[in-house]
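Right, one structure below, let's go through it.
The values are calculated or read from the model by the stated rules, or taken from the named source; none is laboratory data. Nothing here was measured: the structure is a model prediction, and the numbers come from that model. Counting neighbours? That spans all protein chains shown, and the Cβs are built from the backbone with ideal geometry, glycine included.
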Amino acid sequence: MGHVVRVLETEDQFTVDSEESVLMAAIRQGVQLLHDCTEGGCGTCRVRLMEGCVRYEEYPLALSPEDEDEGFALACQARPESDLVISTERPMEPCSDPERYTAEVAAVEAIGRDVVHLTLALPNAEGLVYRPGQYLNVMLGDGNKRSFSMASTPNGRTVDLHIRRVSGGHFTDGHLSTLKPGDRLDVDLPHGLFCCRKEDFRPLLMVATGTGLAPIKSMLESLMDDPDCPPVSLYWGMRTEEDLYLHDEIQSWGERLCDFQYVPVLSRPGPDWDGRQGYVQEVAAADIGDFSEHAIYMCGSPNMIASAKKLFVERGANPGFIYSDAFNFQHTLVPAE
């Protein structure tokens, strides 16, 4: 027996069969719900349950227990157990609709032991507007795609990507290693809901591992020289000193951000390292203690994000002000590699 779902903002109604997800039923019946990966990894399809309840065959990566307690659900994985009323309201700055562009490689530069800085020119995208923190899809021509967070702020001309080389990676070991200035790539952008919510008016805690720094960099650059910029703390977790590929540049950001604190954290430091060591989320918790006043942005490994959410909520963080984007190296539809 199916259940009826009503969308609060649009008054759209549709029926979900017993073994069907809310999103798949909406698509089947022509109801537009925002979505992206369809596998529970990106959080784009998050909705708030106003009435009714749902179940999951497997608990989705992009939904924390705290999110669920706050009444949120992921439409792509949620199976109704009753009739539902859902809200899709997400007040955010406007941005362009996703569109396919032909990009030209402007520069390819190794900026770390296993990180490549790829700059793409977008000659036909003068009107493109994306939210700092969003990502793009690189179309591979064989029906596959790879997704990368944009490390630059919108300028209508170029986008910067920080791409970690993955051993055996279809794109990073194949396509990336042969790219040179002048080559062309088809890209699709912008995508994702991981973006800076300036309306929160809270001190910002940014936590990243690896190239999860890329969307954080985009967000922080968008706040530079802003007189309303709140205090900012950035904790960046890496293995060794050699992995801190933007270490010197980040230290200069304090000149253009309000009350900026940068704390690099290494899990496998060398003998000469005199900075912080361990897991980045635990170091942030030890320093800050009470997270009740913060807006928290996290990007990087799924394990870090899951651990950090639990730890920060235990220390007073409001789940409604925790935003995250997990990099899944096995997935082609969420920011990866």
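For this structure, a couple of remarks:
- Residue list for region 272-299, filter: in contact with a helix residue (DSSP H, G or I) (Cβ under 6 Å, 6 or more places away or on another chain), small (Gly, Ala, Ser) and modelled with pLDDT of 95 or more: 285
- Of the set (1) over 27 Å from residue 135 (Cα atoms); (2) part of a loop (DSSP other than H, G, I, E, B); (3) within 24 Å of the chain's Cα centre (by Cα); (4) not charged (D, E, K, R), all apply to residue 273 but (3).
- Residue 153 under 21 Å from the mean Cα position of the chain (by Cα), under 22 Å from residue 245 (Cα atoms), modelled with pLDDT of 95 or more and polar (S, T, N, Q): no
- Within the set 22, 5, the sole residue that is more than 30 Å from residue 327 (Cα to Cα) and buried (at least 18 other Cβ atoms within 10 Å of the Cβ) turns out to be 5.
- Lone qualifier among 187, 207 - being assigned by TED's automatic domain parsing to the domain that holds residue 155 and either hydrophobic (A, V, I, L, M, F, W, C) or assigned to a helix (DSSP H, G or I) (or both): 187
- Residue under evaluation residue 143, criteria (1) part of a loop (DSSP other than H, G, I, E, B); (2) touching a Leu at 6+ places or on another chain (Cβ under 8 Å); (3) under 27 Å from residue 167 (Cβ atoms), criterion not met: (2)
- Within region 284-296, the presence of at least one residue that is in a strand (DSSP E or B), under 23 Å from the mean Cα position of the chain (by Cα) and buried (at least 18 other Cβ atoms within 10 Å of the Cβ) is confirmed.
- Selected residue (criterion: modelled with the highest pLDDT) from residues of region 45-74 that are surrounded by 20 or more Cβ atoms within 10 Å (Cβ to Cβ) and in a loop (DSSP other than H, G, I, E, B): 60
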